[in-house]
């Protein structure tokens with residue numbers, strides 16, 4: 001299991017991220033953090049490179065692009081795919097963060113009250129109760145603010161959430 005306090009987040013507004021990308025860099029930052037988790041000694045891409053490689057745009061990073069381009073980047077020994085809340089729990093229990101995308105705009109849930117309107121974040125923990133799962137996320141920071149751990153209700157945000165896992169498919 002991941003200890004959320006040991007997972008180091010990153011703000012999408014950090015100085016090392018191109019100013020043109022910062023407002024929409026949450027997807028590439030989330031990918032960067034997941035890659036850093038899987039490859040701690042050899043993080044070979046920075047957020048600006050991932051923004052371009054993954055196909056980031058001013059309005060964000062589309063889930064299909066995230067999955068397709070991360071699969072291309074990592075190769076056949078890895079699987080990047082959508083997953084369910086049950087798989088999120090399995091991944092966290094196995095020690096792997098999961099990407100979560102909140103998206104009320106393209107899920108046509110414009111009037112709902114959600115934690116974020118549109119935002120990618122790494123899920124690094126959870127707390128299960130009888131009627132909900134509380135997701136522990138890093139929020140990817142804000143202007144002049146580092147990323148911080150937050151707790152988010154799955155139940156409240158379920159209709160706009162998409163999860164993406166990264167898992168190794170082969171051993172050698």
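The values are calculated or read from the model by the stated rules, or taken from the named source; none is laboratory data. Predicted, not measured: the structure shown is a model, and the values here were computed from it. Neighbour counts run over all protein chains shown; Cβ positions are idealised from the backbone, glycine included.
For the reader, a short list of remarks on this structure follows.
- Residue that is nearest to residue 97 (Cα to Cα), among those in region 131-157 that are loosely packed, with under 15 Cβ neighbours inside 10 Å and in contact (Cβ under 8 Å) with a residue 60 or more places away in the chain: 149
- Residue match in region 100-109 (condition: closer than 20 Å to residue 23 by Cβ, in contact with a strand residue (DSSP E or B) (Cβ under 7 Å, 6 or more places away or on another chain) and without any contact (Cβ under 8 Å) to a residue 24 or more places away in the chain): yes
- Within region 26-61, the only residue that satisfies the criterion of being touching a strand residue (DSSP E or B) at 6+ places or on another chain (Cβ under 9 Å), surrounded by 15 or more Cβ atoms within 10 Å (Cβ to Cβ) and part of a loop (DSSP other than H, G, I, E, B) is 61.
- Flag: residue 126 does not match the condition of being touching a residue at least 40 places away in the same chain (Cβ under 8 Å), within 16 Å of the chain's Cα centre (by Cα) and surrounded by 14 or more Cβ atoms within 10 Å (Cβ to Cβ).
- Test: residue in region 108-120 that is under 23 Å from residue 38 (Cα atoms), surrounded by 15 or more Cβ atoms within 10 Å (Cβ to Cβ) and modelled with pLDDT under 90: yes
- Only listed residue being free of Cβ contacts under 8 Å to residues at least 60 places away in the same chain and assigned to a helix (DSSP H, G or I), chosen from 113, 68: 68
- In this structure, residue 96 does not satisfy being under 24 Å from residue 11 (Cα atoms) and part of a strand (DSSP E or B).
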